[in-house]
1. So for the stretch 3-11 (the condition being over 10 Å from the mean Cα position of the chain (by Cα), more than 13 Å from the ligand (Cβ to nearest atom), on the phi < 0 side of the Ramachandran plot and not charged (D, E, K, R)), does at least one residue qualify?
2. State which residue is nearest to the ligand (Cβ to nearest atom) when the search covers only the stretch 12-53 and only residues that are more than 11 Å from the chain's Cα centre (by Cα) and in a loop (DSSP other than H, G, I, E, B).
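Coordinate-derived values only; no laboratory data. Remember, predicted model here, so these are calculated numbers, not experimental data. Cβ coordinates were reconstructed from backbone atoms using ideal geometry, including for glycine residues, and neighbour counts include every protein chain displayed.
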Amino acid sequence: MPTIRVEMFEGRTVEQKRALAQALTEATVRTLGGSPEAVDILFYDVARQDWATGGKLWSDPAQPPAG
Ligand SMILES: O=C(O)C/C=C/C(=O)C(=O)O
């Protein structure tokens, strides 16, 4: 069964997660076939202090551009 992991910043509402789960499930069935009951969606809420991009934590204040 397809299992889709969604890692995103914490703070999304349960309504947003419900809507995203529905949309991802529909897209998966449309693309791969099978039944919606075979699709699992796992949500992982990540704190901004636990996520870095380009070597910078998302919880840290943005730096002004150099120059
Ligand atoms: O919006 C989120 O929940 C996570 C976003 C991450 C990024 O925008 C990124 O890693 O660049």
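1. yes
2. Going through the qualifying residues, I end up with Trp51.
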